[in-house]
């Protein structure tokens, strides 16, 4: 039976971080129940997409899902289970911030079926956390992890960021030392300075400075080596896991499998069609309650689209892409068509071509976007 993943977006936060440009809203407690009820309606109405298919991953992201009452999370999960064929082995993840994770919430999550928790640490140093607008402390992270362990949720991801204001290499390594102590999965992201964020404005006004790019590249390489020595497998450019603890939901996306997204701004790819829902919170709620579509963009993916996306997503993973599979599925001989490009990249040690797989090397991870562009069909 064909499998697919489900994503649910909870767009509420107690406060937006200074670097964040995700679709999230603050000071919206009065609208949470309306939003959840709209989500429940949408989940039920879209059950047709799940016919003859099984759900093997559910991911509740945000925003900060742990910000809202945990009973809403339990209701969302039970509604999904009532309307879709959810496998007993389903990976069920939820994103949490350390300051909003309580013992009561963990108990409710566990009873509802959650078996994987992703915690946003970002940095070990409280001074750096404050600088980027995080609302938690180091101790709250440690307390949150210990709660997960107490209730036997052992599949824990820790989010870590590098390239932050005032950050140095020693800060990255000490943060990773802490994360590897408590987590079997680590997501490590470089700060992207997005326009119209408070941090962007601070940098443009000279109030805050960021590390230089060559420093950040060096930190990334050191961090990768550190995690590898600790036994973490880099299975995707930003994701590292001890064997058996890879995030299955993320692999759905990178392996170009189907996923169905619910909630404001959520994206989906089902049956060769990609669609995205409105990013406006009140509009989303109104549309659902009037039984109108929340989809603002819909695209039937052509063979060329699918080929390009499969190459692009596959190259983000440590396994890379199966060139024979590409040839059989799309009639496109990547090695032949991009022979000169691949030769040059191999010579620079940016990519590896072996056993029928083309993959980006550890040296090439940091220039991955340029490599992918060079390898896409003309």
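The values are calculated or read from the model by the stated rules, or taken from the named source; none is laboratory data. Just so it is clear, the structure is predicted and the values come from calculations on it, not from any experiment. Here the Cβ is made from the backbone with ideal geometry for all residues, glycine too, and neighbour counts use every protein chain on show.
Out of curiosity, is residue 192 closer than 23 Å to residue 118 by Cα, within 22 Å of the chain's Cα centre (by Cα) and surrounded by fewer than 15 Cβ atoms within 10 Å (Cβ to Cβ)? Considered against the rule, which asks whether it is closer than 23 Å to residue 118 by Cα, within 22 Å of the chain's Cα centre (by Cα) and surrounded by fewer than 15 Cβ atoms within 10 Å (Cβ to Cβ), residue 192 comes out as yes. Of all the residues in region 354-376, those that are part of a helix (DSSP H, G or I) and on the phi > 0 side of the Ramachandran plot number 0.
For region 39-60, a residue qualifies if it is in a loop (DSSP other than H, G, I, E, B) and crowded, with 17+ Cβ neighbours inside 10 Å, and exactly one does: 46. Within region 111-150, being more than 19 Å from the chain's Cα centre (by Cα), part of a loop (DSSP other than H, G, I, E, B) and either at pLDDT below 95 or closer than 21 Å to residue 171 by Cβ (or both) holds for 124, 125, 132, 133, 135, 136, 137. Could you tell me whether region 63-71 includes any residue that is within 30 Å of residue 222 (Cβ to Cβ), out of contact with any helix residue (DSSP H, G or I) (no Cβ under 9 Å at 6 or more places or on another chain), in the same structural domain as residue 35 (by TED's automatic domain parsing) and not in a helix (DSSP H, G or I)? Among the residues of region 63-71, not one is within 30 Å of residue 222 (Cβ to Cβ), out of contact with any helix residue (DSSP H, G or I) (no Cβ under 9 Å at 6 or more places or on another chain), in the same structural domain as residue 35 (by TED's automatic domain parsing) and not in a helix (DSSP H, G or I), which makes the answer no.
What about residue 161, is it within 25 Å of residue 26 (Cα to Cα) and under 22 Å from the mean Cα position of the chain (by Cα)? Yes: the conditions hold for residue 161.
The sole residue among 228, 167, 205 that is without any contact (Cβ under 8 Å) to a residue 40 or more places away in the chain and over 23 Å from residue 368 (Cα atoms) is 205. The residue of region 1-31 that is nearest to the chain's Cα centre (by Cα), among those that are more than 19 Å from residue 199 (Cβ to Cβ) and assigned to a loop (DSSP other than H, G, I, E, B), is 11.
Checked against the criterion of being at pLDDT 90 or above, buried (at least 17 other Cβ atoms within 10 Å of the Cβ) and under 22 Å from residue 72 (Cα atoms), the candidates 36, 23 yield just one match: 36. May I ask you to list the residues in region 349-377 that are over 12 Å from residue 315 (Cα atoms) and without any contact (Cβ under 8 Å) to a residue 12 or more places away in the chain? Once the filter is applied, which keeps residues that are over 12 Å from residue 315 (Cα atoms) and without any contact (Cβ under 8 Å) to a residue 12 or more places away in the chain, region 349-377 yields 354, 355. Condition first: assigned to a loop (DSSP other than H, G, I, E, B), touching a strand residue (DSSP E or B) at 6+ places or on another chain (Cβ under 6 Å) and outside the structural domain of residue 317 (by TED's automatic domain parsing). Can you find one or more residues in region 199-207 that meet it? Looking for residues that are assigned to a loop (DSSP other than H, G, I, E, B), touching a strand residue (DSSP E or B) at 6+ places or on another chain (Cβ under 6 Å) and outside the structural domain of residue 317 (by TED's automatic domain parsing), one finds none in region 199-207, hence no. Give the residue that is surrounded by the most Cβ atoms within 10 Å (Cβ to Cβ), with candidates limited to residues of region 236-263 that are farther than 18 Å from residue 84 by Cβ and touching a strand residue (DSSP E or B) at 6+ places or on another chain (Cβ under 6 Å). Selected residue: 240.
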